[in-house]
1. At 0.36 nm per residue, minus the direct Cα-Cα distance, what do S33 and R201 gain on full extension? Give it in nm, one decimal, please.
2. Based only on other Cβ atoms within 10 Å, what is the fewest-to-most ordering of S200, S181, S132, S33?
3. Please state the relative contact order of segment 59-195 as a whole percent: Cα pairs under 8 Å, 6+ residues apart?
4. With Cβ to Cβ distances under 11 Å as the rule, what net charge do the other residues near I236 carry (K, R +1; D, E -1)?
5. Please report the net charge: other residues with Cβ closer than 14 Å to the Cβ of E222, K and R +1, D and E -1.
6. If amide H atoms are built 1.01 Å from N in the plane of the peptide, which residues on other chains or at least 5 residues away come under 5 Å of the amide H of S86?
7. Pick out, in residue order, every one of the trypsin sites (Lys or Arg not before Pro) in segment 219-287 that is DSSP loop and has at most 15 other C-beta atoms within 10 Å; say none if there are none.
8. Taking the convex hull of the alpha carbon atoms in the chain, what volume per residue do you get, in Å³?
Amino acid sequence: MKFFRRFKILGTGAYLPEKVLTNADLEKIVDTSDEWIKTRTGIEKRHIAREDEATSDLIIEAAKEALRNAGLAASALGAIIIGTISPDTFFPSTGCWVQKGLDVPGIPAFDVSAACSGFLYGLEVGSLMLSSIAKPILVAGADILSKITNWEDRGTCVLLGDGAGAVIIAPTDEDRGFLSSILGADGSLGELLIQPAGGSRMPASHETVDKKLHLLYMKGNEIFKYAVRTMGDAAIQAIKLAGVDPDNISLFIPHQANTRIIEATCRRAKVPLDKTHITISWHGNMSAGTIPIAFHDAISKGLIKRDDLVLFAAFGAGFTWGASVLRF
Ligand code: UT7
């Protein structure tokens with residue numbers, strides 16, 4: 001087997017905030033229905049962070065579980081990498097807040113901003129850093145989208161949720177790790193999914209707040225076709241680069257934005273739907289959080305065994321995308 005980059009997964013963890021918002025709850029907030037949300041997206045409920053809960057708080061819980069499952073103390077970590085677009089603060093990075101929470105001063109800690117592809121971007125960076133750091137690395141994907149959601153826009157508020165997933169990766173001489181990894185971006189499509197205000201392009205002002213420009217804007221149906229094409233093609237490339245056949249994939253873990261996007265991606269990449277892990281019904285779209293949470297869920301349920309080939313694929317704002325084949 002041809003190895004692109006060797007590393008092993010020592011442990012995984014996930015954390016979802018306690019509060020649950022069902023489709024029935026949303027029927028009382030905007031003009032929507034449980035039937036519309038379920039048939040158009042596959043979502044039944046989502047978790048919503050408390051007012052005093054920030055993204056790093058969710059990650060710290062997920063990281064502690066991943067460390068427990070790895071049988072490691074936080075002091076064993078060599079770096080912290082966080083995929084997120086809803087940081088606690090623009091600076092310091094969420095990585096630094098997570099480092100403070102885990103009480104591991106000194107090691108590098110930073111964020112990767114690639115929206116829904118953030119976890120796969122982080123895993124790529126983390127796997128590359130292993131050769132120089134030579135210690136376990138925490139890679140997490142997490143978002144609190146409820147705090148940048150326009151709760152008057154039924155086209156977006158029914159889709160989004162909050163959550164964090166974490167993995168601990170480590171160097172290995174064993175035949176496991178990435179057989180392939182592909183990342184991509186197309187900044188010319190950035191306006192289709194954007195948080196317009198709050199950065200240097202449009203700094204915060206009374207006007208930007210009044211116009212709700214700090215919230216998430218999305219042209220959903222325009223994104224849909226790009227999502228299917230990009231995620232599908234990235235998956236096809238990753239499978240080809242790995243030198244395997246779609247039939248060799250044990251489990252496909254896609255970004256969870258919409259069940260219909262996942263189904264169409266499977267058709268395009270010729271990956272069977274019954275080998276695809278779909279978790280969107282119980283958490284909605286949590287951007288960078290969806291893949292590591294679905295990965296943890298699959299491992300916890302015994303759906304991934306040692307030596308299995310796992311395919312990941314993601315697509316998100318930027319636009320960004322990524323796909324990889326991992327031997328577990
Ligand atoms: O995380 C990565 C980035 N994001 C995505 O990948 C999201 C990609 N897009 C999607 O998942 C889908 O496009 C949506 C779920 C956002 C929308 O589904 P759609 O099938 O593309 O619906 P649509 O936007 O074409 O709207 C169809 C109808 C419209 O009504 P009319 O014009 O046909 O009368 C909408 O106004 O559905 C209406 N609609 C709703 N109705 C009830 C839109 N949102 C809702 C809603 N409840 N929440």
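What follows is calculated from the coordinates using simple rules that are stated; it is not laboratory data. For clarity, every value in this text was computed on a predicted model and none was experimentally measured. Here the Cβ positions follow ideal geometry from the backbone for every residue, glycine too, while neighbour counts run over all protein chains shown.
1. Between S33 and R201, full extension yields 56.8 nm more.
2. S200, S132, S33, S181
3. About 27 percent, as a whole number.
4. Residues close to I236 contribute a combined charge of +3.
5. Net of charged neighbours comes to +1.
6. Those lying under 5 Å, H to H, from S86 are I144.
7. K219, K270
8. Looking at the chain, the number lands at 126 Å³ per residue.
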